[in-house]
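Participant: Got a structure here, written out as structure tokens. Questions coming.
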Amino acid sequence: MMSSLFLIGVRYKSAVIAFVTLMTLITGAGLQYLVIDTGFDSLIPSDDPNRLVYQRVMGEFGSDNKTLVYIEDGDLWTPGKLAALDKLQSQLKKVDHVSRIDGLFDLRTISGEQTENGPSIRSELILDKLPETQFEADTAKNRALGNPLYIGNLFSVDGRVTAIIITLDDNIDVKEQDYNVKVYDDIESVLTSHRSEFQRLFQVGPPRINAELKSSLSEDFILLGPLSAFVLIASIVLFMRSGLAALVPIVTSVLTLIWTFGLMGWAGVPLNILSAMIPSLIIVIGSTEDTHMMSAFFRGMARGKENGENCQKAIVYMASHTGLPLILTVLTTALGFASNLFSSIGLIQDFAITSTFAIVANGIITILVVPVLLMQFGKGDIRDDSDEEDIYSNNLPARIIQVFRISQDKFPLYTLGFTALLCLFFTYQASHLYVTNDPMSYFPEDNPLIQETKLIQEKLAGVKVFFVSLESESEKAFLEPANLRKLEAIQAFMQKQGVFDRTLSIADHLRYVNREFQGQFAELRLPKTRQMVAQYLLFFHRSELESYVSHDYRRANIVVRHNVNDSNTLNRYIEELETVVQQIAGPNFKTMVIGENLMVNRAAESLMMSQIKALGLLLLLIFILMSIMFTSFKGGVIAMIPSLIPIILMFGVMGFLNIPLNPGTAMVAVIAVGIAIDGTIHLLARYNELCRSTSDYKGAVRAAVKEVATPLIISSLALSFGFGMLLFSNFTVVAQFGALAAATMLVSIFANLLITPIIMERVRLVGLYQIIAMNVDESVLDKSPLFNQMSRYQRRKAILISELREFEPGEKLVEQGTTGRSMYMILDGEADVIRHDKDRSRRLAGLKPGEIFGEIGYIRAIERTADVTAISSLSALRFDYERMQKDLKFFPNIVAQLNFNISAILGERLADVLDEKGG
Amino acid sequence: MIRFFPIINLRSLNVSCLLSILMSISMGLLAPELKGQVFTDEFEQASGRELLEKVHNTHEQFPYVYEEQSMILIDRLGQKETRNLKRYSRVEQDGQASFLLVFDSPEDVKGVAVLARRNKLGETTQFIYLPAFSRSLIRNAGGASHSSFLGTDFSVENLIGEELDNYILERQRDSIIGGVEYFVVDVRNNNRKLRRHYILKDILFIARTEFFDELDQIYKCQTQHDLTPVLGDMWRANMLLMQDFRENHQTLIKINKRVFSADYVPTKVFTAEWLYENTIQAVELEMQTEESS
């Protein structure tokens, strides 16, 4: 079946080439429609109920989508600098899509004083015209810094820093491809022309973040794929000394990438920061299968050379040895990626869809294209050194195995114990793991954007904004001083929390006006009466209040600025805040704490849950798959070990090194399991195959390890290098993903080749292969005297400890004069018992399915008294005395019944002999 | 001194009076038709200043105006807030002018008043009266008279009229918008264009004023609607709309009642005492506060 699949490329070469070419052309045409999505929307779960509330609050209180221009200068308040600032602000107003600018020249202050003629109030712009003298500039400075509403928002306390807030058109489609980049570039070009005039001048806001994400994403896309390809080629050429072995994964990867990204373009699935990893992932993951296949192909070619067979035979050999594992590994890897679909975060979902398709497409392309390539170029790749041991020029894998064997042979239990302790330690460390989903954490700490964001926080306040919103059922509720005091109390609580930089509400505005009316030295206090509140509010234009109170005064809004980048911390404080806000507001108010960055950070919780679900499901599926493969749950459990150890170690390292679980690192576990299980499948499949022809299971384990080790080590190292290349990503999340995945791949070598074999040597695993291959006629077993009075379970147990042997006609099963302690039961075919006495040979008996022979040698080590020769193709079960005693020591009932049955058989034989002699 | 009583008691009129009124009304109705061509020809070569002086002289014939207004503030979401006000204005023969705006509703701001006085030199002083704050007029010392006031999109200057001597007035090329002909006059200070008036050629009435920022972009626009002939060439708008494009906010003033009468706007109206007597007393509010606390 597997061979047939792989031979499609051999048999229908032209059709396969035509199909692959056509698919590549069709999907390739979709590449032009590929779009990049760097918006934050995809970080918020689509089912988040707060989305609608957020949109409503944004609609009512205005968008939080603003760009801040930071201006710092020690001489800011001098006529010259203010003139430069005025020019800068004027030029910013001309930038396309800028709908509003709030800066020094648009700000109004209210100041009160008591004069001889009575109270006086001044409501005026900080700067109505450019100052011509230093005195005018100083007056403006005092006016600006005297307004508590502006300190921390638009001016630093020392007045060295000011900010210009840019609001962009609401009616622009923010998803428009180049909108953010264009706005960012336009603003940046204005800033560049003024940069020499101020000590510091920069912008921070969604256009910059999006533009930087986009440019970093493009750089990643261009850099990481080729880098991974280079590393892959280098490691394959280094280890396998074959140009063809390097060519194959490159061809399959390139085709896969065209299919995948082309289809993404057609389907409108955007490219995001996670999918930028896909080229690297496909190149490294796809190459692992190709490495196993090329390894098998070279073995096939080496054997073929000995037997005079051709390239096609080598492909058949490759298919028969790697076909099933290939299908299984594609399945498990695809499952690993598909598990991310559980995430409700759009970013991860898009990545899950794309990566799963890519893995499946890579599998199909591999099956179709690799045989074609091998037929075309494989002939010239026959080695002179036909010894399988020498296929790989570098003996690093052999050395690794040698080191592992020392532990396996000399300290197996210590090794297991040490591993268990290690796992316990890292499980404990994993308990320190925390989650974050903040987009700013995607950038490395030394990124100018992060540094400048910190500077804004230091001098003014954090650039992140959320709202604490209170809603009353009664109209004009927030004209009542009692309700305004609730806002004041909430703000005081937030100040006590100590994590938020700045809060601003209508209460602040009223306290400020009240102070000015009372006289400049009065305290900042709320007005006492509702009428006073209403009358003071007349001094504000609606646009000055719309962020803080609804037009009917039923809803009030506290605007909070902060720079908390850690979801865990933020969520904890927000949870506390929500409780206190509701307590302070009382039962007559609906309260909510809402903001885009809060939703993004809250998604961290769902990130954790979805990853737990995904990992759980994947492990369950692998367990079921492996249990079926080995017809026992024990097989399933053992197959899980090489997957579980790297996961535990990975989460432990994350906890130990304080690496958060984020959209990048959260995927490592499922993807790593999906990939690491590939090696396990190859190892166990080969072991299974070997078990069919030997009763030396320890030997089978070693042989399997020896055969699988090289491709497994090479592919794991290639994967590690490939994932390691992601460290060059511009995004911290991608780099962390790469580093952890690389480490996980290395740990999987240790788990697959050191720990799993130690366990396999101690636990007998017999696979489905064996059961299927036996193809035993149940009636044969029913009739066989060896299994007389035995249950199906006992029979199966006994059979699984035996070996299945296949014999060609004329082949001797037992040779006269040799000593052996094995007994045989014929399953299929016939044999003759022939005794040789000097020159004469005599046929003593004919043996049929179900019959036993060699039972005397089984009981006692004596010379065989006759040959047993197959007269047709024959399959027989071989029962080795020592093996039976050892493996069945925990099953005394089975041993007793078998011994009883053998005694009965011997008794029958004795009776026959006596009859013969008597006759 | 010209006095005009738009609210006429018909019973007290004799036939000749009635005929003269009817004549006046028909002249008023016909005025645009008859005068349109005259204005067009007459001002074809006129300067900006001449045009605006003529506009003022034509439509500001009555120095004493009392109005009851509804002021509707419309925010960017179309949400409305309505205030009812009384407006008093009085221009003396020597050029001094007084202007008073008193809030009638909402209840919480009832009695709040803005008082503006312009002296012979054209200098304006403004006072605010907040009954809830204290029984005193608070001088609005800062802020140019072109700054918007009390949360509206209008400035005091928009409502009391500009002092032509303070500006440079530049006639621009005439314009036709929607088939209607306009004279166009720019109002500038030394540095830049501040406003552009569109004057209906037929009745010489400013129907639209655009306000420009330092980048020479329109940021506000005032339009006058529901134009009504008052007497002879004199017209008044019953509805004023000011749109602020930067703030995405509008203020609509609807004139519910207008009386051109000195009796309605006696001098005492523009004093602190009158305000204290005729609006909610701060003392009462303080008492309310004490009771509630």
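The values are calculated or read from the model by the stated rules, or taken from the named source; none is laboratory data. Just so it is clear, the model here is predicted, and its values are computed rather than measured. Cβ coordinates were reconstructed from backbone atoms using ideal geometry, including for glycine residues, and neighbour counts include every protein chain displayed. All accessible areas refer to the heavy atoms of the entire protein, side chains included, with ligands and DNA or RNA removed. Shrake-Rupley method; radii C 1.70, N 1.55, O 1.52, S 1.80 Å.
Participant: Which angle from 0 to 90°, rounded to the nearest 10, does the C-alpha axis of helix A:396-410 make with the longest principal axis of chain A?
Facilitator: Here the helix axis deviates by roughly 70 degrees.
Participant: Note down the accessible area of A:Glu811, probe 1.4 Å, to the nearest 10 Å².
Facilitator: 80 Å²
Participant: Here's another thing I want to ask about it. Among the lysines, select those whose C-alpha is under 22 Å from the C-alpha of A:Lys81, and discard any that sit fewer than 8 residues away in the same chain.
Facilitator: A:Lys93, A:Lys94, A:Lys129, A:Lys141, A:Lys459
Participant: Here is a follow-up. Roughly how much accessible area, to the nearest 100 Å², goes out of reach of solvent when B and A pair up, both sides summed, probe 1.4 Å?
Facilitator: In total, this chain pair buries about 3200 Å².
Participant: Are there any residues in region A:70-103 with a reduction of at least 10 Å² in accessible surface when going from the isolated chain to the assembly of protein chains? Probe 1.4 Å, please list them by number.
Facilitator: A:Ser90, A:Lys93, A:Lys94, A:Ser99, A:Arg100
Participant: Under the Karplus relation 6.51 cos²θ - 1.76 cosθ + 1.60, θ = phi - 60°, what is the ordered set of whole-Hz ³J(HN,Hα) values for region A:130-141, x standing for Gly and Pro?
Facilitator: Using θ = phi - 60°, the values come out as 5, x, 9, 10, 5, 4, 4, 5, 5, 4, 4, 4 Hz.
Participant: Dipole of chain A, Cα-centred, from +1 at each Lys and Arg C-beta and -1 at each Asp and Glu C-beta, to the nearest 20 debye?
Facilitator: With Lys and Arg at +1 and Asp and Glu at -1, about 2140 debye.
Participant: Please state the shape class of the protein assembly as shown: rounded when a/c is under 1.5, otherwise prolate if a/b exceeds b/c and oblate if not, all from the C-alpha gyration tensor.
Facilitator: Here the protein assembly as shown falls in the prolate category.
Participant: Residues of region A:110-142 that become at least 10 Å² less accessible with every protein chain present than in their own chain isolated, using 1.4 Å: which are they?
Facilitator: Flagged in region A:110-142: A:Pro119, A:Ser120, A:Ile121, A:Arg122, A:Ser123, A:Glu124, A:Asp128.
Participant: In debye, nearest 20, what is the charge dipole magnitude of region A:775-918 about its Cα centre with +1 on Lys and Arg Cβ and -1 on Asp and Glu Cβ, if you could check?
Facilitator: I would put it at about 480 debye.
Participant: Right, another one. Going by the alpha-carbon gyration tensor, a ≥ b ≥ c the square roots of its eigenvalues, is region A:211-367 rounded (a/c under 1.5) or, if a/c is not under 1.5, prolate (a/b greater than b/c) versus oblate?
Facilitator: prolate
Participant: Amide H neighbours of A:Ser99 under 5 Å, at least 5 residues apart or on other chains, H built in the peptide plane: list them.
Facilitator: Sorted by chain and number, the residues that satisfy this are A:Thr167, A:Leu168, A:Asp169.
Participant: Taking accessible area as the heavy-atom solvent-accessible surface of the protein chains with a 1.4 Å probe, which residues of region B:212-240 lose no less than 50 Å² upon going from the isolated chain to the full protein assembly?
Facilitator: By number: B:Leu215.
Participant: In debye to the nearest 20, how big a dipole does region A:50-212 give about its Cα centre with +1 on each Lys and Arg Cβ and -1 on each Asp and Glu Cβ?
Facilitator: 220 debye
Participant: Between A:Leu617 and A:Arg909, 0.36 nm times their residue separation minus their Cα-Cα distance comes to what?
Facilitator: 99.5 nm
Participant: For B:Arg236, enumerate residues with amide H under 5 Å from its amide H, sequence gap 5+ or separate chain, H modeled in the peptide plane.
Facilitator: B:Thr228, B:Val230
Participant: Sequence gap at least 6, Cα distance under 8 Å: using those rules, report the relative contact order of region A:291-364 to the nearest whole percent.
Facilitator: 24 percent
Participant: Follow-up. Suppose the chain between A:Arg56 and A:Gln583 were pulled fully straight at 0.36 nm per residue; how much longer would it get relative to their current alpha carbon spacing?
Facilitator: Roughly 187.4 nm would be gained on extension.
Participant: Between A:Ala861 and A:Leu5, how high is the FRET efficiency from 1/(1 + (r/R0)^6) when r is the Cβ-Cβ distance and R₀ = 41 Å? Nearest 0.05.
Facilitator: 0.30
Participant: Would you calculate the separation in nanometres between label points at A:Ala896 and A:Ala489, each defined as 7 Å from the Cα along the Cα-to-beta-carbon direction?
Facilitator: Label-label distance for A:Ala896 and A:Ala489, simple model: 8.0 nm.
Participant: Contour minus end-to-end for A:Glu575 and A:Lys634, with contour as 0.36 nm per residue of separation and end-to-end as the Cα-Cα distance?
Facilitator: Additional length available on full extension: 16.8 nm.
Participant: List every residue whose amide H lies under 5 Å from the amide H of A:Phe589, counting only residues 5 or more places away in sequence or on a different chain, with H placed 1.01 Å from N in the peptide plane.
Facilitator: none
Participant: Any idea of the accessible area per residue across chain A, 1.4 Å probe, to the nearest Å²?
Facilitator: 40 Å²
Participant: At 1.4 Å probe size, with the rest of the protein present, what percent of the exposed accessible area of the protein assembly as shown is carbon and sulfur atoms?
Facilitator: 55 percent
Participant: Taking θ as phi - 60°, what are the ³J(HN,Hα) couplings along region A:873-878 by the Karplus curve (6.51, -1.76, 1.60), each to the nearest whole Hz, with x for Gly and Pro?
Facilitator: Rounded to whole hertz, the list is 4, 9, 10, 9, 8, 10.
Participant: From the convex hull of the Cα coordinates of region A:775-918, what is the mean projected area in square nanometres?
Facilitator: 8.7 nm²
Participant: So with the 1.4 Å probe, I'd like the accessible area per residue for region B:155-265, rounded to whole Å².
Facilitator: So region B:155-265 comes to 42 Å² accessible per residue, rounded to a whole number.
Participant: Sticking with this structure for a sec: Add -39500 (n - 2.57) for each DSSP H run of 4 or more in chain A, then divide by its residues: what number comes out at 222 nm, to the nearest 500 deg cm²/dmol?
Facilitator: Only helices count here, giving -19500 deg cm²/dmol.
Participant: Rounded, prolate or oblate: which fits region A:50-212 when a ≥ b ≥ c are the square roots of the eigenvalues of the alpha-carbon gyration tensor, with rounded for a/c under 1.5 and prolate only if a/b beats b/c?
Facilitator: oblate
Participant: What FRET efficiency would be calculated for the residue pair B:Gln217, A:Ala83, taking the C-beta separation as r and a Förster radius of 25 Å, to the nearest 0.05?
Facilitator: 0.75
Participant: What range in chain A is the longest one free of chymotrypsin sites (Phe, Trp or Tyr not before Pro) that are in a loop by DSSP and have at most 10 other Cβ atoms within 10 angstrom?
Facilitator: A:1-520
Participant: Taking the simple approach of a point 7 Å from Cα along Cα-to-Cβ for both A:Val499 and A:Val403, what is their distance in nm?
Facilitator: Going by the 7 Å Cα→Cβ label model, 4.3 nm.
Participant: Straight-line reach only, C-alpha to C-alpha below 20 angstrom: list the lysines that A:Lys783 could link to, leaving out same-chain residues fewer than 8 apart.
Facilitator: Cross-link targets: A:Lys797, A:Lys848.
Participant: Could you work out the relative contact order of chain A, using alpha carbon pairs under 8 angstrom and six or more residues apart, expressed as a whole percent?
Facilitator: Rounded, it is 14 percent for chain A.
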